[in-house]
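Data first, discussion second: the structure below is written as C-alpha cells.
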Amino acid sequence: DVDIGSALGTTPGLTTEYLDRLDERVADAHETIADGMAAEEFGYAALSLPETADPDAIRAAVSEFQDPEAVVTVGIGGSALGAATLANALESDVDAHFLDNVDPDHTARLLAELPLSETVINVVSNSGTTAETLANFLVVREAMDQDGVDWTERTLVTTGPEGNLRRLAERHDLPALDVPAGVPGRFSVLSTVGLAVAALQGHDVEAILRGGADGRASLSGSLYESPAYAYGAVSYALAERGALTNVLLPYAESLETFAEWFAQLWAESLGKDGVGQTPARALGATDQHSQLQLYRAGPRDKLVTLVRPRERADVAIPETDLEGLSYLGGGSLGELLDAEFEATEASLAAADRPTVRVEIDRVDERALGELLYGMEAACVLYGELATVETFTQPAVEWGKRAARGLLGGGEFSEADAVADKRELV
Ligand code: PA5
C-alpha cells in the first residue's frame, strides 16, 4: 500500500488540485505504457514479466545443481541487484554471495572462504561483454581449477543472445538461461536474471511472480486507483517542485538491499537530459541517528519514502526494574521499531517535510514481487511524465566503453578522452 497523504500540503506545495490535473497526464502515460506492454516494446516488456517469465525453465536449469551450499552471482548493476534484493530479504540454507565489484581484496577473501566444490557460480550479463563480470568470472574459474573443481559442472550462465558469455556457454556446453528480449538490466528482477538465485535458494518463484501479477493488476489510468502510479506521480511532482532527492528509508534490515536496488532503478532510469531525482539509501532506525537531522532541518529538497512490513517475527524485550526503562520492558523490538517509524514520519510532518509511506504485508516472496513490480511501474510512469528515455543508460555505456578502451579492449574515442584527462592530472 502507498499512502501519499503526508506528501500533500507540505512546503514544496503539492496540492490535491495539482494532483487532479496531473491525473489526466497519468491516464495518457498509462495508455502509452499499456500499449508498450502489449507490443512487447523494449523496456515496457519488463512490466509483462509476471505473465511471460517461465519458472519451469528456471527450475530446470538450476536442477542441474544438487543441494549446493552456496551460490555466487558474478554480475553487476541490474545483473546482480535484483537477485541480491531477494536473497538478502528471504532466509535460506543456501548462502548467496555477490561479486558485483572488482575489488581484489573482496574477491580474494570470498574465494578463500567458499567451499568451491559445493558452490554454484551464477554468471549474469545481458550484453555478455561487461568487463567487471567477465574478469571476475575468469578469476573464479581459475580458483576452481586450482582447487581441482570442474568449473563447467558448477557454472550457470544467464545472458543475451550474443556476446562473449553466450559464446563461452556454447563452447563449454554450460546450462544457460536467456535474458528475455526487451528487458533492461535494472528491470529484470522478475526474469531469469533475478529469479535463478531465488530458485537455487529454494524460494517460491511462482509466489514472487504472483506478487508481480498483483502489482500489474492494480495498474490503471488513475493515480488514485494505482498505488504504483500514486508513488511515481507524487515523486515526479515533488521533484518538479524541488524535492530533487528521494530518500528510501526501509525499516527492516532485510530490505536494506532493496534500497540499493531502488537507487539503481531511479538513478539510471530517470537521470537524463539534466533532470532526475537522486536516490539516497538509508535504513531505519539506524539512520535516524545519523541522517534524520538533515532530513528534518536541512535543505527543503527531499522526499522521504518510508517502507515497512506490517507483520514481522518479533523479539520480546525483557521486563526491567532499571529506573526509567520500565516503558521498554514487556514490549518488543518490533513495537519499538514501529514506534521509531511513526515518530520519524511525524517528526518530518511536523517540520513540513514531505514523506510517502509504503507498506507491505510481510517480507515474503509474494509481497516482494509486488513491491519490486510496483517500484518498476512507478519509475516507468515517472519517466513518461518527465519525458525521458527511461530504458536507456548512455552515460553508463560510455563509461563501460571507455574502461574497456583504456585496457586495450577496443578502439573508442571515449578511452582517448579519459586518457587525455589522466595526463592533465
Ligand atoms: O540496468 C542496466 O542496464 C545496467 O545496470 C546493467 O545491468 C549493467 O551495466 C550490467 O550489464 P550487463 O548485464 O550487460 O553485464
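The values are calculated or read from the model by the stated rules, or taken from the named source; none is laboratory data. What you are looking at is a predicted structure, and each value in this text was computed from that prediction instead of being measured. For neighbour counting, all protein chains shown are included, and Cβ atoms are generated from backbone atoms with ideal geometry for every residue, glycine included.
Search the stretch 396-408 for residues being of a type in the set (A, V, I, L, M) and away from the ligand (no atom under 12 Å from the Cβ), and hand back the single one that is surrounded by the fewest Cβ atoms within 10 Å (Cβ to Cβ). That would be LEU407.
Go through the residues of the stretch 340-357 one by one and say whether even a single one is part of a loop (DSSP other than H, G, I, E, B), surrounded by 16 or more Cβ atoms within 10 Å (Cβ to Cβ) and in contact (Cβ under 8 Å) with a residue 24 or more places away in the chain.
So the first thing to find is which residues in the stretch 340-357 are part of a loop (DSSP other than H, G, I, E, B), and the list is 351-354.
When the remaining residues are screened for being surrounded by 16 or more Cβ atoms within 10 Å (Cβ to Cβ), the result is 353-354.
Then drop every residue that is not in contact (Cβ under 8 Å) with a residue 24 or more places away in the chain, which leaves 353-354.
Checked against the condition, which is being part of a loop (DSSP other than H, G, I, E, B), surrounded by 16 or more Cβ atoms within 10 Å (Cβ to Cβ) and in contact (Cβ under 8 Å) with a residue 24 or more places away in the chain, the stretch 340-357 yields at least one hit.
Just to be sure before I move on: is ARG210 basic (Lys, Arg), assigned to a helix (DSSP H, G or I) and buried (at least 20 other Cβ atoms within 10 Å of the Cβ) in the structure I sent? For ARG210, the condition - basic (Lys, Arg), assigned to a helix (DSSP H, G or I) and buried (at least 20 other Cβ atoms within 10 Å of the Cβ) - is not met. Taking residues in the stretch 92-105 that are among the hydroxyl-bearing types (Ser, Thr, Tyr), and partners anywhere that are modelled with pLDDT of 95 or more, the pairs with Cβ atoms closer than 8 Å and at least 6 places apart or on different chains are SER92/GLN201; SER92/GLY202; SER92/HIS203.
If I ask for residues that are among the polar types (S, T, N, Q), crowded, with 20+ Cβ neighbours inside 10 Å and away from the ligand (no atom under 11 Å from the Cβ), which ones from the stretch 146-174 would you list? Hit for the stretch 146-174 is THR155, nothing else.
Scanning the stretch 255-286 for residues that are at negative phi and either hydroxyl-bearing (Ser, Thr, Tyr) or assigned to a loop (DSSP other than H, G, I, E, B) (or both) gives THR257, SER269, GLY271, GLN277, THR278, ALA282, LEU283, GLY284, ALA285, THR286. Checking the stated criteria, THR119 turns out to be more than 30 Å from GLY232 (Cα to Cα) and either crowded, with 19+ Cβ neighbours inside 10 Å or within 16 Å of the ligand (Cβ to nearest atom) (or both). Kindly indicate whether ASN122 is more than 23 Å from ILE58 (Cα to Cα) and at pLDDT 95 or above. The answer is no for ASN122.
Could you tell me whether ILE33 is closer than 23 Å to ALA386 by Cβ and either away from the ligand (no atom under 16 Å from the Cβ) or surrounded by 18 or more Cβ atoms within 10 Å (Cβ to Cβ) (or both)? Steps first, please.
Working: closer than 23 Å to ALA386 by Cβ: yes; either away from the ligand (no atom under 16 Å from the Cβ) or surrounded by 18 or more Cβ atoms within 10 Å (Cβ to Cβ) (or both): yes.
So ILE33 passes the test.
Of all residues in the stretch 197-214, those being under 15 Å from ASP364 (Cα atoms) and either within 16 Å of the ligand (Cβ to nearest atom) or within 16 Å of the chain's Cα centre (by Cα) (or both) number 5. Residues in the stretch 89-116 that are crowded, with 19+ Cβ neighbours inside 10 Å, more than 16 Å from the ligand (Cβ to nearest atom) and part of a loop (DSSP other than H, G, I, E, B): 3 in all.
Could you go through the stretch 266-274 and let me know if any residue there is more than 15 Å from ALA239 (Cα to Cα), within 16 Å of the ligand (Cβ to nearest atom) and modelled with pLDDT of 95 or more.
Yes, the stretch 266-274 has at least one match.
In the stretch 178-196, what count of residues is obtained for those that are within 13 Å of the ligand (Cβ to nearest atom), closer than 18 Å to ASN164 by Cα and either in contact with a His (Cβ under 6 Å, 6 or more places away or on another chain) or among the aliphatic types (A, V, I, L, M) (or both)? Number satisfying all stated conditions: 2. Picking from residues in the stretch 128-145 that are within 11 Å of the ligand (Cβ to nearest atom) and among the small types (Gly, Ala, Ser), the one that is farthest from ARG401 (Cα to Cα) is GLY128.
The single condition among (1) modelled with pLDDT of 95 or more; (2) surrounded by 18 or more Cβ atoms within 10 Å (Cβ to Cβ) that GLN393 does not satisfy is (1). Applying the criterion of being away from the ligand (no atom under 16 Å from the Cβ) and crowded, with 19+ Cβ neighbours inside 10 Å to the residues of the stretch 46-66, the residue that is farthest from PHE262 (Cα to Cα) is PHE65. Residues in the stretch 67-80 that are within 22 Å of GLU113 (Cβ to Cβ) and either within 16 Å of the ligand (Cβ to nearest atom) or modelled with pLDDT under 95 (or both): ASP67, VAL72, THR73, VAL74, GLY75, ILE76, ALA80. Within the stretch 175-195, the set of residues being surrounded by fewer than 23 Cβ atoms within 10 Å (Cβ to Cβ) and either assigned to a loop (DSSP other than H, G, I, E, B) or free of Cβ contacts under 8 Å to residues at least 24 places away in the same chain (or both) comprises PRO175, ASP178, PRO180, ALA181, GLY182, PRO184.
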